[in-house]
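Enquirer: Dumping the structure here so I can ask a few things about it.
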Amino acid sequence: AQRVTQPEKLLSVFKGAPVELKCNYSYSGSPELFWYVQYSRQRLQLLLRHISRESIKGFTADLNKGETSFHLKKPFAQEEDSAMYYCALKKGSARQLTFGSGTQLTVLP
Amino acid sequence: GAVVSQHPSWVICKSGTSVKIECRSLDFQATTMFWYRQFPKQSLMLMATSNEGSKATYEQGVEKDKFLINHASLTLSTLTVTSAHPEDSSFYICSARDIGRGEHYGYTFGSGTRLTVV
């Protein structure tokens, strides 16, 4: 069965510092990977997906199949980036997502 | 675009009663919707996949008779928690994907329903 691991439950960085939120997955096939963000008192929303290789709000994530990782990175964190971040995997033709346990990012002033 | 509306936002009910939660796709049709449960400071756990016009597919360990799902139209899925008990208190979230936006588009989530059973 597929699995998504986010090893850090909490992560704090200072404003302007680089940030990396780790995500590892286990799945034997070709997965689709996503990062979702949940700001305080707001609904979960898509941040980015690996298939589009985009940069949203300064965040990027590269799928590393060798390391089975999809880490989320931003070179200069901002206070407004403070939120809960979830890594999610969709396997093959499946319709549902499997979520990691989430990482609460706090960007300190 | 791709907005999912979920109601109610919160509900308090007495133990033994039933509660219905609605999930609507406002600007797209969703043949499939998903129901998640989220405990405090934990991840989203998929409960079931709701299929328009057919039976829902439940994840292992989720009681079908307790969590009734109806997906009668392309824009509405409902989750009814029957004979609710305090241990059913949780945050329930629905999700759908607008296939019309492309196969690899992300999923849209409702704002969630906080259920408290007293």
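None of the figures in this text is laboratory data; all of them are computed from the coordinates on show. Treat the numbers as computed from the prediction; the structure is a model and nothing was measured. Cβ: placed from backbone, ideal geometry, glycine included. Neighbour counts: every protein chain shown.
Enquirer: Specify, per residue and in Å³, the volume enclosed by the convex hull of the alpha carbon atoms belonging to segment B:58-118.
Expert: Cα-based convex hull of segment B:58-118, divided per residue, equals 108 Å³.
Enquirer: Remind me, relative contact order of chain B in percent, using alpha carbon pairs under 8 angstrom and six or more residues apart?
Expert: Relative CO of chain B lands at 36 percent.
Enquirer: Taking loop as defined by DSSP and a crowding limit of 11 other beta carbons within 10 Å, which GluC sites (Glu not before Pro) in segment A:45-109 fit?
Expert: Sparse-neighbourhood loop GluC sites (Glu not before Pro): A:67.
Enquirer: Out of all Cα-Cα pairs in segment B:1-104, roughly what percent, to the nearest whole number, are more than 21 Å apart?
Expert: Numbers: 1729 of 5356 pairs.
Roughly 32 percent, rounded to a whole number.
Enquirer: Follow-up. For the protein assembly as shown, give the magnitude of the charge dipole about the Cα centre (Cβ charges: +1 Lys/Arg, -1 Asp/Glu; no others), in debye to the nearest 20.
Expert: The calculated dipole for the protein assembly as shown is roughly 80 debye.
Enquirer: May I pose another question? Please report B:109, A:59 as a ranked list, fewest other C-beta atoms within 10 angstrom at the top and most at the bottom.
Expert: On the way: B:109 23, A:59 20.
Final ranking by Cβ density, sparse to dense: A:59, B:109.
Enquirer: Here is a further query. Please state the Cα pair-distance histogram of the protein assembly as shown with 5 angstrom bins from zero: what percent is in each bin?
Expert: Histogramming the protein assembly as shown at 5 Å steps yields 1, 7, 14, 18, 19, 16, 12, 8, 4, 1, 0 percent.
Enquirer: As a footprinting exposure proxy, order B:62, B:81 by other Cβ within 10 Å, with the fewest listed first.
Expert: By the 10 Å Cβ count, ascending, the order reads B:62, B:81.
Enquirer: Right, another one. I need B:107, A:39 ordered by Cβ neighbour count within 10 Å, fewest first. Display every interim value, and only then the final one.
Expert: Numbers: B:107 24, A:39 13.
Exposure proxy ranking, most exposed first: A:39, B:107.
Enquirer: Further, regarding this structure: With a sphere of radius 11 Å drawn around the Cβ of residue B:113, what net charge do the other residues whose Cβ falls strictly inside it have (Lys, Arg +1; Asp, Glu -1)?
Expert: Combined, the nearby Lys, Arg, Asp and Glu give +2.
Enquirer: Now for a separate question. Once you charge only the Cβ atoms, +1 for Lys and Arg and -1 for Asp and Glu, what is the size of the charge dipole of chain A about its Cα centre, to the nearest 20 debye?
Expert: My answer is approximately 320 debye.
Enquirer: Continuing with the same structure: At a Förster radius of 25 Å, what calculated FRET efficiency corresponds to the Cβ-Cβ distance of residue B:5 and residue A:60, to the nearest 0.05?
Expert: For residue B:5 and residue A:60, the calculated efficiency is 0.20.
Enquirer: Further question: Between their Cα atoms, which of A:65/B:41; A:73/B:55; A:73/B:41; A:57/B:55; A:73/B:64; A:22/B:20 are more than 31 Å away from each other?
Expert: A:73/B:55; A:57/B:55; A:73/B:64; A:22/B:20
Enquirer: For segment A:26-109, just the Cα atoms, rotate onto the principal axes and tell me the three extents in Å, largest first.
Expert: Extents along the principal axes, in whole Å: 42, 26, 20.
Enquirer: Also, I was wondering about something else. Give me the distance in nm between label points sitting 7 Å out from Cα along the Cα-to-Cβ direction at residue B:65 and residue B:51, one decimal.
Expert: 2.3
Enquirer: If you keep only loop residues by DSSP, which trypsin sites (Lys or Arg not before Pro) in segment A:15-88 have at most 14 other Cβ atoms within 10 Å of their Cβ?
Expert: A:15, A:41, A:53, A:57, A:65
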